[in-house]
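The values are calculated or read from the model by the stated rules, or taken from the named source; none is laboratory data. For clarity, every value in this text was computed on a predicted model and none was experimentally measured. We place every Cβ from the backbone using ideal geometry, glycine too, and count neighbours over all the protein chains shown. Areas reflect the complete protein model, heavy atoms only, side chains present, ligands, DNA and RNA absent. Shrake-Rupley method; radii C 1.70, N 1.55, O 1.52, S 1.80 Å.
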Amino acid sequence: MNNSPASRRQFLKFAGVAGAGLLVPGKSFLANAIAVGEGPQAPDSPADYTLRIAASPVELAPNRIMSAITYNGQFPGPLLRFKEGQQVVVDIFNNTDTPEQLHWHGQFLSPDVDGSAEEGTPYVPAHGKRRIQFTPRPAGLRFYHTHNRAGADLHAGQYSGQVGPVYIEPRHEPGNYDREVFLVLKEFEPSFSQGGDMAMDFLAPAAKVKDLESSGESAMKASLAKGMPHGFEVGYRYFTINGRMLGHGEPIRVKPGERVLFHVLNGSATEIRSLALPGHTFRVVALDGNPVPNPTDVPVLWLGTAERISAIVTMNHPGVWVLGDLADDDRGHGMGIVVEYPGHKGKPVWSPPPPFKWNYARFAKPTASAAEPDEVIDMAFAKQNAADHGFNLWSINDKVFSEDAMAASYHLHQGQRYRIRMRNASDDIHPIHLHRHTFELTKIAGKPLAGVMKDVVMVGGYQEVEISFTADNPGLTLFHCHQQLHMDFGFMALFDYV
Ligand SMILES: [Cu+2]
């Protein structure tokens, strides 16, 4: 991604334009030269990494140059490679007018640095700086992104360009691949619509729960009968992988027989994404950065907002191909990247994969069952159609999260194991995220499973999903739907330790 010659040239060019700090792990004299004197406090020693939040141009395609808030003047933000358990110092500069939160998604950090105002992380002040230090863990594919609320502002929060990948190198890398390629999927130029969202049915098992469906459908019917429109949804004009629309970035140049480990991150604010590569299969080795117990070949990857998949593709089908989204419209507007074998030229070829449903249980331990929890937390998710000035409100157990009260609804005891039984009384798929902890998937649509460790899980429309986690990281912990439009309008809850 950032180390291909072309994207590096691009980065340097933009870095010059935007005056962005250059990010180099270790001692970067350039980053420090820029940093000194600009922040409210001069750093007393050089940071290991410097991230600078600022508006910058992002060239999606020739003559299609957007303005976005980015990290270090580039989209995606620089790949940060940490070593598991090795402490790092990071300087975060904020060159915007808005106080910022930088969330380290998927790591076990303290609330002071996790990057969530709800947990009490101090903001990086507007035109200010914050130095943090932490010990990266666990190993695997993580990422960093803004955790600001956007509300009705489609320039704010994750609608902009504040997403960057993190790879935490394990102490022992199994390494049965030839090279890594990081892919960040992201849309640009969002707008609101009111037509209602398109139903997606790629999840398996497909079983819907009757009482959830009837309660969701009757609430929707009652709202429409009162003359309410459908609540706002967000759509996009441009679609990119690593900030480039299909055909406008450097192709991924591969050799026959090469085993390429793709680290795919869905950096979307709101969208679920899919990926296929004609004639090839993906061997999924990790979900959300965590190795799966049962690596399995699949023709398609599906990722909810903020989900990550690490998958090895053996390059055994020479040609020029589109690695792209299954949705023709989204792929047609840029959601893809070209994969090119040597000696093959011409227009990249797309062909749709065989019918396939995404089931997390494929990657689970085949016979194992999950450990019993000490306590079960029941949660019902519901939508109040268009209830807040045309925006849907979202509730967990009838409670719309209040940013004013910021009250913890669930109280954890350290060392206890909890199961969260999530019941989704809406027809939307929700990518549910728990901060500062990893959870195990223990049941999907009535089917038990074990061994799949994640930090985001898609809960299907009118479905039930159960997850378990051990309360092993004291401090305020945020639980929320990662769809920006849902989390901003109530779909959050706070856990505390008592
Ligand atoms: Cu949601």
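Return the total of residues in the range 276-324 being within 22 Å of P348 (Cα to Cα), over 18 Å from the mean Cα position of the chain (by Cα) and assigned to a strand (DSSP E or B).
Residues flagged as within 22 Å of P348 (Cα to Cα), over 18 Å from the mean Cα position of the chain (by Cα) and assigned to a strand (DSSP E or B) within the range 276-324 amount to 10.
Residues being within 23 Å of the chain's Cα centre (by Cα) and either open to solvent by less than 20 Å² (accessible area, probe 1.4 Å) or more than 15 Å from the ligand (Cβ to nearest atom) (or both): count how many of those fall in the range 392-418.
5
Residue under question is A380, and the condition is that it be open to solvent by 30 Å² or more (accessible area, probe 1.4 Å) and part of a helix (DSSP H, G or I); does it hold?
So A380 does not fit the description; no.
If I ask for residues that are buried (at least 21 other Cβ atoms within 10 Å of the Cβ) and under 30 Å from P291 (Cβ atoms), which ones from the range 93-115 would you list?
Those that are buried (at least 21 other Cβ atoms within 10 Å of the Cβ) and under 30 Å from P291 (Cβ atoms): Q101, L102, H103, W104, H105, G106, Q107, L109, D114, G115.
Among the residues of the range 176-228, write down those that are open to solvent by 60 Å² or more (accessible area, probe 1.4 Å), among the charged types (D, E, K, R) and under 25 Å from G390 (Cβ atoms).
If the condition is that a residue be open to solvent by 60 Å² or more (accessible area, probe 1.4 Å), among the charged types (D, E, K, R) and under 25 Å from G390 (Cβ atoms), then E189, D197, E217, K221, K226 are the ones that fit.
For the range 421-448: of the residues being open to solvent by 10 Å² or more (accessible area, probe 1.4 Å) and not in a strand (DSSP E or B), which is nearest to the ligand (Cβ to nearest atom)?
If we take residues in the range 421-448 being open to solvent by 10 Å² or more (accessible area, probe 1.4 Å) and not in a strand (DSSP E or B), then D428 is nearest to the ligand (Cβ to nearest atom).
Given G195, G247, which one is assigned to a loop (DSSP other than H, G, I, E, B) and on the phi > 0 side of the Ramachandran plot?
Only one candidate passes the filter, namely G247.
Inspect all residues belonging to the range 67-80 and state whether any of them is small (G, A, S), crowded, with 17+ Cβ neighbours inside 10 Å and either closer than 29 Å to R171 by Cα or without any contact (Cβ under 8 Å) to a residue 12 or more places away in the chain (or both).
Yes: the range 67-80 contains one or more residues that are small (G, A, S), crowded, with 17+ Cβ neighbours inside 10 Å and either closer than 29 Å to R171 by Cα or without any contact (Cβ under 8 Å) to a residue 12 or more places away in the chain (or both).
When you go through (1) on the phi < 0 side of the Ramachandran plot; (2) open to solvent by less than 10 Å² (accessible area, probe 1.4 Å); (3) away from the ligand (no atom under 16 Å from the Cβ); (4) in contact with a Ser or Thr (Cβ under 6 Å, 6 or more places away or on another chain) one by one for E466, which number turns out not to apply?
(2)
State which residue pairs qualify: first residue over 18 Å from L185 (Cβ atoms) and inside the range 307-335, second residue among the basic types (K, R) and surrounded by fewer than 19 Cβ atoms within 10 Å (Cβ to Cβ) in any location, beta carbons under 9 Å apart, and separation of 6 or more residues or different chains.
Between residues of the range 307-335 that are over 18 Å from L185 (Cβ atoms) and residues that are among the basic types (K, R) and surrounded by fewer than 19 Cβ atoms within 10 Å (Cβ to Cβ), the close pairs are I312/R259; I312/R283; T314/R259; T314/R283; M315/K255; M315/R259; V320/K345; V320/K347.
Mind counting the residues in the range 469-498 that are open to solvent by 10 Å² or more (accessible area, probe 1.4 Å), away from the ligand (no atom under 15 Å from the Cβ) and over 17 Å from R421 (Cα atoms)?
8
Kindly establish whether K365 is touching a residue at least 24 places away in the same chain (Cβ under 8 Å) and over 17 Å from H248 (Cα atoms).
It is true that K365 is touching a residue at least 24 places away in the same chain (Cβ under 8 Å) and over 17 Å from H248 (Cα atoms).
The conditions are (1) out of contact with any Pro (no Cβ under 6 Å at 6 or more places or on another chain); (2) of a type in the set (S, T, Y); (3) open to solvent by less than 10 Å² (accessible area, probe 1.4 Å), and Y159 fails exactly one of them. Which is it?
Just one mismatch for Y159, condition (1).
Scan (1) within 23 Å of the chain's Cα centre (by Cα); (2) hydroxyl-bearing (S, T, Y); (3) assigned to a loop (DSSP other than H, G, I, E, B) for the single condition Y177 breaks and write down its number.
(1)
Scan the range 288-299 and give yes if some residue there is of a type outside the set (K, R), crowded, with 24+ Cβ neighbours inside 10 Å and under 29 Å from K365 (Cα atoms), otherwise no.
Looking for residues that are of a type outside the set (K, R), crowded, with 24+ Cβ neighbours inside 10 Å and under 29 Å from K365 (Cα atoms), one finds at least one in the range 288-299, hence yes.
Which one is surrounded by the most Cβ atoms within 10 Å (Cβ to Cβ) among residues in the range 449-463 that are away from the ligand (no atom under 16 Å from the Cβ) and not in a strand (DSSP E or B)?
V452
Looking for something under 17 Å from L265 (Cβ atoms), of a type in the set (V, I, T) and either open to solvent by 10 Å² or more (accessible area, probe 1.4 Å) or in a helix (DSSP H, G or I) (or both) - is there at least one such residue anywhere in the range 142-152?
Within the range 142-152, none of the residues are under 17 Å from L265 (Cβ atoms), of a type in the set (V, I, T) and either open to solvent by 10 Å² or more (accessible area, probe 1.4 Å) or in a helix (DSSP H, G or I) (or both).
Given the conditions (1) closer than 18 Å to P76 by Cβ; (2) open to solvent by 60 Å² or more (accessible area, probe 1.4 Å), and given that S310 satisfies all but one, which numbered condition is not satisfied?
It is condition (2) that S310 fails.
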